[in-house]
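Worksheet for the structure shown next.
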Amino acid sequence: MPANAPWTKYVAIGDSFSEGLADPDPTTPNRFIGWADRLAHQLAAVAADRVDLQYANLAIRGRKLGAILDVQLEAALLLQPDLVSLVGGGNDILRPGVDLDELAARIEVAVERIRATGADVLLVTPTDPRGAPLIGLTRGRMAIHTANLHSIARRQQAHLTDLWGRAEFSDWGVWAEDRIHLTPRGHHLVMLAALEALGVQHTLPHVELVAPREVTTGQALRGHASWARHYLGPWLNRRMTGRSSGDGLKPKLPVLTRIDASKAVPGY
């Protein structure tokens, strides 16, 4: 499908990244917006004079790749989309024993299945976790995963949103307090990168980088301690007890829903 094509059915599948965690919806308690919702709205706005865009978001926080492909992908294909964003594997990569080759192979099979229906696929690479506490330890694995996604996108003619090395994501101002999920501004930046990857022209303004706030050593240490207490500890507890942050949750938008491009999306 050519750039700026008027997609009619967009389905997002994945984990907390695509669910939109840390980008709260001010109109609905405990619901998040996120880059995929923002992308759907912008795609609808661009094609408003030609087609109506319907959108579903099946992503659920905490999901590993197996659950995304075994459950969400099957549900997505039943909706007969012409655009699917597939982002998964991040929760697997946090596990030291992850098999990156198997991860890539499963993603490629999934992309091939979607492409066989005639639909376009949008993949998204990780950001570079250099300097991030704990997550920074996975930098080598994240880099290999990014390289694998580039190869998959090339072979399967998928669109690739490459976030690795983008300077804006080295700004801690785009990251939430948990240092894992993006703020509304961060999700907006991903949406802009996704539009670029899809070849969609738009009139949205460029987002200027924000100068990092200087902190003292004492402030940094107190910040690390607070983060460990409020976020690292609970995450480790879930790991040790076999629980997930997404247990019991259902997709926020499981059916295709028409996007009203005239309604503004909350800013950042």
Which ones in segment 107-131 are in a loop (DSSP other than H, G, I, E, B) and touching a Gly at 6+ places or on another chain (Cβ under 8 Å)? Pro126, Asp128, Pro129, Arg130
Give the residue, chosen from Thr127, Thr161, Thr183, that is in contact (Cβ under 8 Å) with a residue 60 or more places away in the chain and within 15 Å of the chain's Cα centre (by Cα). Thr183
Restricting segment 1-16 to residues that are modelled with pLDDT of 95 or more and out of contact with any Lys or Arg (no Cβ under 8 Å at 6 or more places or on another chain), which is nearest to Ala56 (Cα to Cα)? Val11
Cβ-Cβ under 8 Å, sequence separation 6+ or interchain: first residue in segment 76-104 and more than 21 Å from Ala116 (Cβ to Cβ), partner of a type in the set (Lys, Arg) and assigned to a helix (DSSP H, G or I). Which pairs? Ile93/Arg141; Val98/Arg141; Leu100/Arg141
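Conditions tested, residue by residue: (1) assigned to a loop (DSSP other than H, G, I, E, B); (2) in contact with a Leu (Cβ under 7 Å, 6 or more places away or on another chain); (3) closer than 23 Å to Tyr55 by Cβ.
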residue	(1), (2), (3)
Pro96	yes, no, no
Ala104	no, no, no
Trp164	yes, no, no
Glu168	no, yes, no
Only one of Glu108, Glu19 is farther than 25 Å from Ile180 by Cβ, modelled with pLDDT of 95 or more and within 19 Å of the chain's Cα centre (by Cα). Can you tell me which? Glu108
Which numbered condition Val71 misses (of (1) touching a residue at least 40 places away in the same chain (Cβ under 8 Å); (2) in a helix (DSSP H, G or I); (3) β-branched (Val, Ile, Thr)): (1)
Condition test on Val265, is it at pLDDT below 95, in contact with a helix residue (DSSP H, G or I) (Cβ under 7 Å, 6 or more places away or on another chain) and not charged (D, E, K, R)? yes
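The values are calculated or read from the model by the stated rules, or taken from the named source; none is laboratory data. Here the structure is a predicted model, which means the values were calculated and not measured. All Cβ positions, even for glycine, are placed from backbone atoms using ideal geometry, and neighbour counts span all protein chains on display.
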